[in-house]
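Below is one structure, written out as structure tokens; the observations come after it.
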Amino acid sequence: MDANTMIDSLSTQFPDAIYDTKVESKIRIIAKVKPEIVTDVCKYLKENLSFGHLCCEFGVDYPGRNEIEVVYIIGSYDHSVVLTLKAILPRDNPEIESVVPVFWNANWYERETYELFGVKYLNHPDLKPLVLPEDMLGEWPLRKDYKGFPNKAAKNLV
Amino acid sequence: MDEKVGPSEMIVHLGPQHPMMPGPFRLNAKLRGETVVDSEVEMGWIHKGIEKILENKTYLQGITIVDRICYLAALTNEEAYVGCVEKLAGIEVPPRAQYIRVIMEELSRIQSHLLGMGEYASFVGFVSMFMYTIRDREDVMTLMDSVTGARVTHSFLRFGGVKDDLPEGFKDDVKRVFASLRKAVDSYEELYSSDEIYKSRTVGIGVLTAEVAKDIGVSGPPLRATGVAFDIRRDEPYLVYPDLDFKVCVQKAGDVYARVQVRLDEMRESMYIIEQCLDQIPDGPLFPEGTAYGRRTPVMRVPAGEVFHRVEDPRGEMGFYMISDGSDKPYRVKIRGPVYPTLQGLPPLIKGVKVADIVAIAGSMDTCTSEVDR
């Protein structure tokens, strides 16, 4: 199965939720997904198109468009196509369904995206800070408008 | 992990500083008697915020930063980073530079496996092994030093090429070092397979099945030890790997012993790859001709776009996702390290084992906290 058939199969299965699809090369495809349905899409990808390997998941901040993108890079152990799946969330209240039920290793990626970007994952088993001290929660340091380390974080080091 | 402790249970904190650990992370293990019933990994003690730092550095400055993700895999980290920029900007790397990159990255794989294996042996009480491997690793480090001018953080790759050519007499040096290293690798294998105490601590311990490994997202030697032949060098080739002959080293057992065996085999394969490269390497420029790319590329702007580039690190799949907005700094860089999922998968793996085996299992995954904490 090549990249074109995969993307066709995905957009036929979810005609309303998948849009802006693009085949970049033989091994790279990009698609955008409606955030409400991301868990179902991931499930379909894993079970029917053998995309069983979540390479990573992360956020990207676009203050100009007032959006936060959550990007899923999904690869496979059986073929070498890598899918970039993007979900666009409003910057003021970013909320998305967790994909931990489908990809077990999304757990830490989602915790990290939560503490660095403030993306709230619904139905996540254990949503708490991973790499940052707990008193930094709410500063979202990887957003573009983050202004360095306030004294609060410095105190934590002493 | 549930903090509640039942009768005859207790919570033991391993770390953040512990002789087993290649860097600070904490493993909270709940024990019932000698058996682990539940555990949890806490990390972030040395979080460096490299993803944020890269957003504020120019592309060239970024090369020295990505070195510091993990000093054992500095060159493969650079390859993933530089490869992203090359894909975005459409730079073709000349063949000679590609061969030099492969040589250096395979050397870095050898030295990483040597240190990983030696450290691991010392975790299970086989300290003399560590002395052997660290001695032989020094020869490899000297080889790398002679090309890059640095032992660990090399800053050797450039956009479109490499910083320096191979020095005179490099081929002979490699021949000499590899002759002794081959013997050394054979002797390690002999030592491992003949030592009954070592075998009793490793064979059948920490068994990872292929299904669980795939679920956790493990890559690299721990995955290949479960029988899954997944290697980016073969599955998604970059540089001149398609022209080279090598096999993906696979073991079936999935236990601690198999992981060490995969690393031993990979070192042999890496030596074979380097020898092929030295035989095949063509003459030619180190940078694409007729372009401004060179050792010190002046301010460069990368065309807007997004790219995901992954390479085979000594520990597994290293990927960079880079978003460029057309300026001289990347808009966003995501680093996908191979150890991150492996460390995350530690709690299910050590569930039900004896407390003394935690060290044997965690060590065999060859974790690198520096990379997890990017």
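Our estimate of slack between B:PHE170 and B:ASP2, defined as 0.36 nm per intervening residue step minus the Cα-Cα distance, is 54.8 nm.
For the residue pairs A:LYS147/B:LYS57; A:LYS86/A:LYS144; B:LYS30/B:LYS252; A:LYS128/B:LYS329, alpha carbon separations beyond 21 Å are given by B:LYS30/B:LYS252; A:LYS128/B:LYS329.
Working value for the range B:50-372: equivalent-ellipsoid semi-axes of 34, 23, 16 Å, each the square root of 5 times a Cα gyration tensor eigenvalue, largest first.
Approximating the spin labels as points 7 Å out from Cα along Cα→Cβ, the A:ASN66-to-B:ASP243 distance works out to 5.4 nm. Normalising by residue count, the range B:253-374 has a Cα convex hull of 161 Å³ per residue. Ranked from largest, the principal axis spans of the Cα set of the protein assembly as shown equal 73, 62, 53 Å.
Legend: mean number of C-beta atoms from other chains within 10 angstrom of residue C-beta atoms, peptide A:51-62, equals 5. The mean count of C-beta atoms from other chains within 10 Å of the C-beta of residues in A:117-130, rounded to a whole number, is 1. Counting Cβ atoms of other protein chains within 10 Å of each Cβ in B:263-269 and taking the mean gives 0.
Annotation: peptides A:39-46, A:136-143, ranked by per-residue average of other Cβ atoms within 10 Å with the highest first, follow the order A:39-46, A:136-143. Please work out the Cα center distance from the range B:264-284 to the range B:310-346, rounded to the nearest Å. Using only Cα atoms to place each centre, the spacing works out to 26 Å. FRET efficiency for the pair A:LEU137 and B:LYS351, taken as 1/(1 + (r/R0)^6) with r the Cβ-Cβ distance and R0 = 30 Å, rounds to 0.55. Once C-alpha pairs closer than 8 Å and six or more residues apart are averaged by separation and normalised to the residue number of chain B, the relative contact order reads 26 percent.
Between A:LYS34 and A:LYS120, the modelled label-to-label distance comes to 2.1 nm, taking each label 7 Å out from Cα in the direction of the beta carbon.
Counting only DSSP beta bridges with both residues in chain B, the antiparallel share comes to about 100 percent. The alpha carbon centroids of the range B:67-105 and the range A:6-30 are separated by 30 Å. For the range A:3-157, DSSP calls about 70 percent of its internal beta bridges antiparallel.
Throughout, read-outs are computed from the coordinates displayed, never taken from laboratory work. No experiment lies behind these values; they were computed from the predicted model shown. Using ideal geometry, Cβ is built from the backbone for each residue, glycine included, and neighbour counts are taken over all protein chains shown.
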